[in-house]
Each structure stands twice: as C-alpha cells, then as structure tokens.
1. Checking Val19 against (1) in contact with an Asp or Glu (Cβ under 6 Å, 6 or more places away or on another chain); (2) more than 26 Å from Arg177 (Cα to Cα), which test does it fail?
2. Report every pair of residues separated by at least 6 positions or lying on different chains whose Cβ atoms are under 9 Å apart, first residue within segment 16-32 and hydrophobic (A, V, I, L, M, F, W, C), second assigned to a loop (DSSP other than H, G, I, E, B).
3. What tally of residues in segment 130-160 results from selecting those that are assigned to a strand (DSSP E or B), open to solvent by 60 Å² or more (accessible area, probe 1.4 Å) and either modelled with pLDDT of 95 or more or under 20 Å from Gly32 (Cβ atoms) (or both)?
4. Could you check segment 1-60 for strands (runs of 3 or more DSSP E) lying wholly inside it with 3 or more residues that are at pLDDT 95 or above and open to solvent by 20 Å² or more (accessible area, probe 1.4 Å)?
5. Pick from segment 173-216 the residues that are in a helix (DSSP H, G or I), touching a helix residue (DSSP H, G or I) at 6+ places or on another chain (Cβ under 8 Å) and under 30 Å from Gly24 (Cβ atoms): which of them is least open to solvent (accessible area, probe 1.4 Å)?
6. Which of the numbered conditions does Glu163 fail, given that it passes all the others? Conditions: (1) open to solvent by less than 50 Å² (accessible area, probe 1.4 Å); (2) more than 15 Å from the chain's Cα centre (by Cα).
Amino acid sequence: MLLINKPPGPTSHDIVDEVRKITGIKKVGHAGTLDPFAEGLLIVLVGREETKKQAEFMALNKVYEAMLTLGAETDTFDITGKIQETRYKIQTNSKLQIPNIEDIKETLKNFEGEQDQMPPIYSAKKIKGKKAYELARKGEVPELKPKRVKIYEIKILNYNYPELKIKTKVSSGTYIRALARDIGRELGVGAYVSELRRTEIGKYKLEDAQTIEGLK
C-alpha cells in the first residue's frame, strides 16, 4: 500500500499507470478517485493481495480542504466547467447580496449530519454500464439517484468574498462538488469548487504521503 500525494492535473488512473511503471507490477489500483483538478492523498494498492482490500479502503471517511468560489455556478460544479447563468442570485436593488460570515456559519451548520446528496451529472457514477459524465458530454441528462451521505463537520478556514475556504470531514461517497453546489444554492449566490485537496483517508494522512518523483 502506497500513500501518494497527487498533484493537480493527472487523473487518479494516470498515477496508477506511473506506479505500474515504477514497480514493474501490473496489478495496481487506487482506493478512491481524486478529480484531475484536485490534489492530495491517494491510496494506491500494489499486488493481487492488496488490491483485494480496495473496498475496505474506499469505505473510510475522508477529510478535504476546499476553496469555494461564490457568486457563480459551473456545469461541473468545479473550476474545469463552464460558468452557467445562475438563477440563484439574490437580487437587492439589482445588486448581488453578498453573504456575511454569520450567514455562512449558519448555512454550513445546516449541512452537518446525514443527508441525501444528488451526485453531479459530471461524475463517474455508472448508469446502465456507462459513466454519467460520458452521457453528460453527449448532451444527455443521466438519471441519477440521491445517495445517503454524512457530513461530520465543516469548518471555515478563510472567507474573503468570493472565496470561501472550508475543511470538511465526510463519509465515503460524498461529492465535495455537490456539497459546494448545495451550499451555494442555500446561500442564494451559487458556488463551485476552485481548489480541492484531500488531507486524510481514515487514519492515513497526507503528511505521510510521497510524490511520484519521490517514489521513483
């Protein structure tokens, strides 16, 4: 089992390919995807015996630090998507009402606990054998179902509109992009994730991870 610090850019599968090359072992898998734009802790399992434990690692809780950009929404709910004309703006004398820190604290508190979360259409969720994002890119609207998730806590690390930096501990299967979407809509201004870093998976921490260059 390897703890890898994935940089922004490559896919999780790209990292798996790199580990295959470095180790010379074909049977390699990861235990929980990070989007290409995201960075941070990726657990990589090497060899037949370790890859059998994939489901155990994927079921662990995760901790993320995320930068949310308020005031707009993208089609992917992250920085890689196209800005959408958002209908979630609160209009006061034709001006956008900027949420204050107390509004944000109150809103974030409402998201703690168990809830049904609708996955983003641009996600790897399988629908009749096809990934949702493959259907979305063809202009189709994937029929997704809400998933029960748990948000253990959300903390504000920094707020300077339009940037809101948060730290959150979540159950397996939680989409931070979907959480950002829902927070933005609740605040009435829209939001998308502009930076995302995974710092913990269960008891495993980013500070103990190594880069691909370090592994080489």
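The values are calculated or read from the model by the stated rules, or taken from the named source; none is laboratory data. The shown structure was predicted, so the numbers you read here are calculated from the model rather than taken from an experiment. Here the Cβ is made from the backbone with ideal geometry for all residues, glycine too, and neighbour counts use every protein chain on show. Areas reflect the complete protein model, heavy atoms only, side chains present, ligands, DNA and RNA absent. Shrake-Rupley method; radii C 1.70, N 1.55, O 1.52, S 1.80 Å.
1. Unmet for Val19, out of (1) in contact with an Asp or Glu (Cβ under 6 Å, 6 or more places away or on another chain); (2) more than 26 Å from Arg177 (Cα to Cα): (1).
2. Listed pairs, sorted by first residue: Val19/Ile25; Ile22/Lys216; Ile25/Gly47; Val28/Gly47; Ala31/Met1; Ala31/Lys53; Ala31/Leu60.
3. Number of matching residues: 10.
4. 2-6
5. Across segment 173-216, the extreme among qualifying residues is Ile212.
6. (1)
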